[in-house]
Amino acid sequence: MKIFLDTADTTIIQEMKEMGLADGITTNPTLIAKTGRKFDEVIKDICAIIDGPINAEVTATTAEGILEEAREIRQWGEQIVIKIPMNREGLRAVWRLSEEGIPTTVTLIFSVPQAILAAKAGARYLCPFVGRLDDIASEGTNLLYDITTVLNQYPEWDCEVMAASIRHPLHVVDAARAGVDVITIPPKVIDQMLLHPLTDRGIEQFLKDAKLCYS
Ligand code: E4P
């Protein structure tokens, strides 16, 4: 299972890369806007740090517009994956880009039927949103189980399931149990995953006892 970082903050990306926690990156317009910088500058900076897949989201709403935007974005780095929202025009672009050998992620997936269409269109990554389903009182993690169950039956669909919209550590555990290929995790959730009060208490005790017998 791969871990992608769900952030456009290059300082955090560098720090987490040094802990081996950045197999790839996902961004979206909201995450880029949070940096206060321009889209192209941020993506190029991330490309200089990370060799793995870097998801950059298009904003064009027609297939032709998406193709044009995608080809431009891909010039910024070979590792860039074009992130495309799930809809009719998006899938037309996904198909064309897959024919050109340009990898895509279909984002904003909220149902198994959407995942099936995205897989058939040739997406490299399918991106179901867990937290946003929970927000509307629908079990987000059930969607992960359903999608992985379906995809496991069709290995010829050469795509990976990437759990997104992860809001807390239990989402990560559920995604891992569901057998997803990738989880894209916000830095705040990585911080939460690191912590356990018994770890802190244990370190404190060992340091105290070490003073009695070390050196
Ligand atoms: C990542 O690719 C998604 O855009 C992101 O995980 C969405 O997360 P959110 O629902 O917390 O905004």
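Past the 19 angstrom mark, what percentage of all C-alpha to C-alpha distances in the range 1-124 do you count? Before the final figure, lay out each step's value.
On the way: 3460 of 7626 pairs.
Distances greater than 19 Å cover 45 percent of the Cα pairs.
Tell me, what is the Rg over Rh of the range 135-215, with Rh the Kirkwood radius over Cα pairs?
Values: Rg = 19.2 Å, Rh = 15.5 Å.
Reported Rg/Rh, Kirkwood definition of Rh: 1.24.
Over the C-alpha atoms of the chain, what are the Rg and the largest Cα-to-Cα span, Dmax, in Å?
Spelled out, the Cα radius of gyration and Dmax of the chain are 19.1, 71 Å.
Could you list, bin by bin from short to long, the percent of Cα-Cα pairs of the range 176-215 in 10 Å steps?
Histogram of Cα-Cα distances, whole percents per bin: 22, 29, 24, 16, 8.
How high is the relative contact order of the chain? Use alpha-carbon pairs under 8 Å, at least six apart in sequence, and give a whole percent. Can you show the working numbers first?
Working: 362 pairs, mean separation 36.2, N = 215.
Contact order relative to length: 17 percent.
Roughly speaking, what is the centre-to-centre gap between the range 174-214 and the range 1-75 when only Cα atoms are used, to the nearest Å?
27 Å
May I have the count of lysine pairs in the range 2-214 with C-alpha atoms under 28 Å apart, counting pairs 8 or more residues apart or located on different chains?
For the range 2-214, qualifying lysine pairs total 21.
FYI, it's all coordinate maths here, none of it is from the lab. Just so it is clear, the model here is predicted, and its values are computed rather than measured.
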